[in-house]
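Novice: The structure's right below; bear with me while I get my questions together.
Read-outs: derived from the displayed coordinates by stated rules, not from any lab. Model, not experiment: these values are computed from the prediction. Ideal geometry is used to build each Cβ from the backbone, glycine not excepted, and the neighbour counts take in all protein chains shown.
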Amino acid sequence: MAVHAHPDDESSKGGATTARYADEGHDVLVVTLTGGERGSILNPAMDTPGVLERMDEIRREEMAAASAALGVRQTWLGFVDSGLPEGDPLPPIPDGSFALVPLEEATEALVRVVREFKPHVMTTYDEMGGYPHPDHIRCHEVSVAAYEAAGDPEKFPDAGEPWTPLKLYYDHGFSIRRMEVFAEEYEKLGEPFPLQEWLDRSRKYAVERGDIMARVTTQVECGKYFPRRDDALRAHATQVDPNGAFFAIPLEMQQRLWPTEEFELARTRVSTDIPETDLFAGITDENR
């Protein structure tokens, strides 16, 4: 079960991993906590009359296409996108938004899905939300709380029969080291690195947090599925510019130099050896 804040997050964060596991016969469910209603139009080709007015409907259509590209199931939790506050000072989060929903209410909603789907493994974001969007931070809080509560019969007794997930991971797809590997390759080729501004911003951000690779415990080989990940990204046409940063590095280079996606084992109820190459490491027929 991959728990995400908005439609498109499932494709940009761990999308190739979910495509791989679905292809290998695992039942994979993406849980999208909000409808992404307040997403901006980030693809100039989609900035046409009527699109913004139909954003809710369009994002559901995009999500269906992206799920099909990845080969996964998907469900909505039904909360309202909080939007990304911008400015100084930051504006208040709109009333009724996901980030303002009481933690218990949102946790119970996710626990209900966990108990129905019965995942052995859950993935979500770290305590910073991957980046500090209020919905991403809330997604982290709700996912961790649901992982802890789902197997407890005393918690949310009206949300279904208890089910205990065995492992919880944080997705760490945007590491500085990954970008540096590509930058070094461009330097060897004598060509400018197309993501230099992104790398420079990430290095400034890392002064406070450090490179996220220091937290990575698990690297999943999934280069074969990068084309499906990219197809899923392009399905989110309002949010993802096909000429943008996600597609700046050639697929061949990505598959050759960095054919994995990265995760941090945040909670586990089974024994496993670190580093891992499989989110299901340590899960056997005996402890399923």
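Novice: Roughly speaking, what is the centre-to-centre gap between segment 27-54 and segment 252-288 when only Cα atoms are used, to the nearest Å?
Specialist: After rounding, the separation between the Cα centres reads 30 Å.
Novice: Something else about it: Give me the mean projected area, in nm² to one decimal, of the convex hull enclosing the Cα positions of segment 1-114.
Specialist: Result: 8.3 nm².
Novice: For log10 I(q)/I(0) by the Debye sum over Cα atoms at q = 0.06, 0.07, 0.12 Å⁻¹, which listed value, (1) -0.21, -0.29, -0.85; (2) -0.19, -0.26, -0.78; (3) -0.25, -0.34, -0.83, comes from the coordinates shown?
Specialist: From the options (1) -0.21, -0.29, -0.85; (2) -0.19, -0.26, -0.78; (3) -0.25, -0.34, -0.83, the structure gives (2).
Novice: OK, next. What is the Cα radius of gyration of segment 185-269 over 2.2 N^0.38 Å, N being its residue count?
Specialist: My calculation over the Cα atoms of segment 185-269 gives 1.27.
Novice: Cβ neighbours within 10 Å, averaged per peptide: list 51-57, 71-77 in order, most packed at the top.
Specialist: Ranked by mean Cβ neighbours within 10 Å, highest first: 71-77, 51-57.
Novice: Show which lysines lie in cross-link reach of Lys224 when reach means a straight Cα distance below 30 angstrom and same-chain residues fewer than eight apart are skipped.
Specialist: Answer for Lys224, where 30 Å is the Cα cut-off: Lys13, Lys118, Lys167, Lys188, listed by chain and number.
Novice: Under 5 Å between amide H atoms, partner at least 5 residues away or on a different chain: which partners does Thr260 have, H built in plane at 1.01 Å?
Specialist: Close amide H contacts, sequence-distant or interchain: Cys222.
Novice: How much mean residue ellipticity at 222 nm does the chain get from its helices, if each DSSP H run of length 4 or more adds -39500 (n - 2.57) and you divide by all residues, to the nearest 500 deg cm²/dmol?
Specialist: Computed mean residue ellipticity for the chain: -11000 deg cm²/dmol.
Novice: In whole Hz, what ³J(HN,Hα) sequence does segment 224-234 give by Karplus (6.51, -1.76, 1.60; θ = phi - 60°), x for Gly and Pro?
Specialist: 4, 9, 4, x, 5, 4, 5, 4, 5, 4, 5
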